[in-house]
Amino acid sequence: MANNDKYKEIFISRLMPCKECQEKGYPKKGQLFLTYGSKTHKYKIHKIPSDPPAKKAGITPHFVQALGLNKTDDAVVIIRNCCIDGCGINLIWNEKQGMYDIHFKNVNVTVLPIPEWDALFFRWHNGTGFELD
Ligand SMILES: [Zn+2]
């Protein structure tokens with residue numbers, strides 16, 4: 001029996017495929033995206049520095065949050081959200097505050113089989129180049 005606590009309240013920021021971005025040819029040079037620093041615990045806005053190669057279209061920064069195991073204990077319930085401005089989020093400049101307001105608009109609740117989650121989390125946790133900060 002899998003240990004539910006192992007799969008709760010985990011929040012990671014990493015690259016994942018996004019169907020909507022792939023269809024729109026995102027990410028593009030100059031687009032803004034959002035990350036969350038696992039060490040700083042702060043949101044950070046970045047700009048795509050150059051057009052990525054075509055084969056990387058649709059591979060975008062995401063927030064992934066684990067909510068716990070599903071009822072049959074064989075998959076992890078996750079929230080995933082693409083962090084490209086104009087796709088899963090809208091960044092709107094707030095003149096008064098002098099910073100961007102972050103609007104999450106495309107939050108997907110889904111499940112990942114435990115081995116897939118473990119692979120995703122392990123790669124993130126051990127910093128093999130998939131992490132964003
Ligand atoms: Zn997207």
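For the range 108-123 versus the range 68-104, the inter-centroid distance based on Cα atoms is 17 Å. Only the Cβ atoms of Lys and Arg (+1) and of Asp and Glu (-1) were treated as charged; on that basis the dipole of the range 37-106 about its Cα centre amounts to roughly 180 debye.
Of Lys56/Lys105; Lys8/Lys29; Lys8/Lys42, which pairs sit farther than 29 Å apart, going by alpha carbon to alpha carbon?
Details: Lys56/Lys105 23 Å; Lys8/Lys29 35 Å; Lys8/Lys42 20 Å.
Distance filter (> 29 Å) returns Lys8/Lys29.
Close amide H pairs (under 5 Å, H built 1.01 Å from N) link Gly68 with Glu9, Val77, residues at least 5 positions away or on another chain.
Which value, in debye to the nearest 20, gives the size of the charge dipole of the chain about its Cα centre, when Lys and Arg are +1 and Asp and Glu are -1 at the Cβ? Before the final figure, lay out the partial values.
Numbers: 18 positive and 14 negative charges, 76 e Å.
In total the dipole reaches around 360 debye.
Collect residues whose amide H, placed 1.01 Å from N in the peptide plane, falls under 5 Å from the amide H of Val111; neighbours closer than 5 in sequence don't count. Those lying under 5 Å, H to H, from Val111 are Ile78. Axis of helix 114-125 versus longest Cα principal axis of the chain: the two differ by about 50°, to the nearest ten degrees.
With 27 Å as the limit on Cα-Cα distance, the pairs of Lys44/Lys71; Lys6/Lys55; Lys44/Lys96; Lys6/Lys47 that go past it are Lys44/Lys71; Lys6/Lys55; Lys6/Lys47. Farthest towards the positive end of the charge dipole of the chain, among the residues Asn90, Phe63, Tyr36, is the Cα of Asn90, using unit charges on the Cβ of Lys, Arg, Asp and Glu. With distances taken between every two different alpha-carbon atoms, the range 1-98 has a Kirkwood hydrodynamic radius of 14.9 Å.
Around Ala57, with a cut-off of 13 angstrom between Cβ atoms, what is the net charge of the other residues, counting Lys and Arg +1 and Asp and Glu -1?
Details: positive: Lys19, Lys24, Lys28, Lys29, Lys55, Lys56; negative: Glu20, Glu23, Asp51.
Charge balance in the 13 Å sphere: +3.
Neighbours of Val107 by Cβ distance under 14 Å: Lys/Arg scored +1, Asp/Glu scored -1, total +1. A Förster distance of 22 Å, applied to the separation of the beta-carbon atoms of Asn90 and Lys47, puts the FRET efficiency at 0.90.
The numbers here are math on the coordinates, done by the rules we state, and not lab data. Computed from a predicted model, the values in this text were never measured in an experiment. Every residue, glycine among them, receives a Cβ derived from its backbone with ideal geometry; neighbour counts consider all protein chains shown.
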